[in-house]
1. Given labels modelled 7 Å from the Cα in the Cβ direction, how far is it in nm from residue 487 to residue 622?
2. For region 415-539, what does the alpha-carbon gyration tensor say about shape, rounded, prolate or oblate, given a ≥ b ≥ c as the root eigenvalues, a/c under 1.5 as rounded, and a/b over b/c as prolate?
3. Kirkwood Rh over Cα pairs of region 506-642 into Stokes-Einstein at 20 °C, 1.002 mPa s: D in µm²/s?
4. Evaluate the charge dipole of region 423-471 about its Cα centre and quote only its size in Debye, nearest 20, assuming +1 on the Cβ of each Lys and Arg and -1 on the Cβ of each Asp and Glu.
5. For residue 19, give me every one of the lysines with a C-alpha distance below 19 angstrom, ignoring sequence neighbours fewer than eight places off in its own chain.
6. Projecting each Cα onto the charge dipole of the chain (Lys/Arg +1, Asp/Glu -1 at the beta carbon, about the Cα centre), which of 245, 533, 411 comes out farthest on the positive side?
7. Classify region 4-144: rounded, prolate or oblate, from the alpha-carbon gyration tensor (a ≥ b ≥ c, eigenvalue square roots; a/c under 1.5 rounded; otherwise prolate if a/b is larger than b/c)?
8. Using 11 Å as the cut-off for backbone N distance, which residues of region 378-413 belong to the label zone defined by a point 7 Å from the Cα of residue 159 along Cα→Cβ?
Amino acid sequence: MEITAGPLLRNINTPDDLKLLTKDQLQQVCEELRQYIIDVVSIHGGHFAASLGVVELSVALHYVYNTPYDQLVWDVGHQAYGHKILTGRRESFPSNRKYKGLSGFPKRSESDYDTFGVGHSSTSISAALGMAMAAKYRGEDRKSVAVIGDGSMTAGMAFEAMNHAGVADSDMLIILNDNCMSIDPNVGALKEYLTDITTSHTYNKLKDDVWNALGKLPIGSRFSREMASKLDHTIKGMLTKSSNLFEALKIRYFGPIDGHNITKLVDTLRDLKNIPGPKLLHIVTVKGKGYALAEKDQTKWHAPGLFDKITGEIYKKKFDLPQPPKYQDVFGHTMIELAEMNPNIMGVTPAMPSGCSLKFMMDKMPDRAFDVGICEQHAVTVSAGMATQGLRVFCNIYSSFMQRAFDQVVHDVAIQKLPVVLCLDRAGLVGEDGPTHHGAYDIAYFRCIPNMIISSPMNESELRNLMFTAQLDSNGYPFVIRYPRGEGVMPEWRTPLQEITIGTGRKLKDGKDVAILSLGHPGNFAAAAIRSLRSEGIDPAHYDMRFVKPLDEVMLHEVFSKYKKVVTVEDGTVVGGFGSAILEFMAQHNYQAEVTILGIPDRLVEHGTLKELHRECGYDAEGIADAVRAMLRETVTVETLLQ
């Protein structure tokens, strides 16, 4: 289906084209831009509600600022679709998040307008401040703008950056996009604080008074630092609660204003552009603005998949037979089962209750499951604190987000040998979100930490059993359970809970030609490869190792005593991961074998469907079978030469 942009939007190929329009035409641009996003995402998929909420802001920023010379930094990047469309990527936008297509996030290698690559939250203020400091050092009249959501503002990194910005005396603007949402509704005291500002009659009067005053100010060379200082004191005299936070950090606060009033946004940004120093503009927006269903259910429409833009029907695949559940849902339902059995079980997640399905427990047991906001470091340490009091905490963090809490895992959990259960959702390749979200490194960076148990289930039943094992009193160590995004393999997944002896694997098939050692869900790819190979007369053995730390050494002694050719399969980096652990064991025990390591290669893997990426990385069923054939082909060649 051909998608056509509106009459104004189709002629905007760069922000310079946008600047040729009158201010009165900008509302139509916003309407066309919003409709274009709806048209493309409904057919091709992607994140949805976040970009609809900042259409007016995207237009206003590129209309007022001299991008890309002026540096515009988006936080997370879910909301940057309008920005991409306005900066030369309208025609290619349907390829967004597709294999070899546009990234779903700002990406420096993709466009000069993408000044900073993002995928995780709360980095924008630090990055924009660094750019502003560089401009000041070089004597450049370059502006830096950070756009950060109120959800991302809850992270400690955002406060660290503001604390520095207040004393760095660099010319930067922070735009606080306040919509009370990240993916799920925001939580915490900051949300309540911002709500007070936006709903108070005092602040609404303040908003009008401030901007009426700004409208009367002389602009240009006559606008001096002295005049800016007088304005600063005037604003502080009018502020009450809002001065307690941002003003205390020496960041001048302006707002709140309506983030969907394009005229107001343009006028405000023009005024602020001429006020020196660090400043914050608080805008109030609606996530999903302009699409009624997305406004009503913002979590559901964060990234809904393909849908009928007229009826709002979200297309689901239809199957004749029962389908396996998502691993995250198995986790969520099993948490409730375990919590009903064990009163010491608690759940913690940093702002992903729907994404990791802890929401099931939060709804049923609100006093035992907590969303702590976008604060991975805090999530780990608060879990450790509860663990010191005898509670068994399941801390669920996406694998790529867990990177942000590495120090807390070492310092607060592992050194103290606290039995926190770290559940790493989205381990391995995640598909369309690309390299910022791939869970490639957790095996490697956790494997080097003492006192850690690291496991990965091959299916839903194994996930349940690992969770059951982790909460037993007999386990006194930090316990990592990593599992992938998406569906498992067992439609009938509610199996009886059973304890697994820590550090033991399973021999699934005996064989004679080669041994395949798999960790986690890719074991299912290995099983499919073995079925194919056996039809060709090749007889591989298959071992599901389950644990990468501690390894099942009894099983490995059997493997290396019997097989001279071994293939390891994992959905983590091949550098320092599961395969590396097998090589270390082999070397330590003086075994001689040919080992092929399959997994995520030592390079950045871009975005695409999981099937496309598994194929590219060579550890899907076909890739595993090819690796076995190649090993055996070399053997046949050598034997032929010796005859």
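Rule-based calculations on the coordinates, nothing more; no lab input. The structure presented is a predicted model; accordingly, all values stated were derived computationally and were not measured. Neighbour counts are summed over all protein chains in view; Cβ atoms, including those assigned to glycine, are modelled from backbone coordinates with ideal geometry.
1. 2.0 nm
2. Cα axes put region 415-539 in the prolate bin.
3. 142 µm²/s
4. 220 debye
5. Result set, ordered by chain and number: 84, 143, 264, 273.
6. 245
7. oblate
8. What the label zone holds, given the 11 Å backbone N cut-off, is 378.
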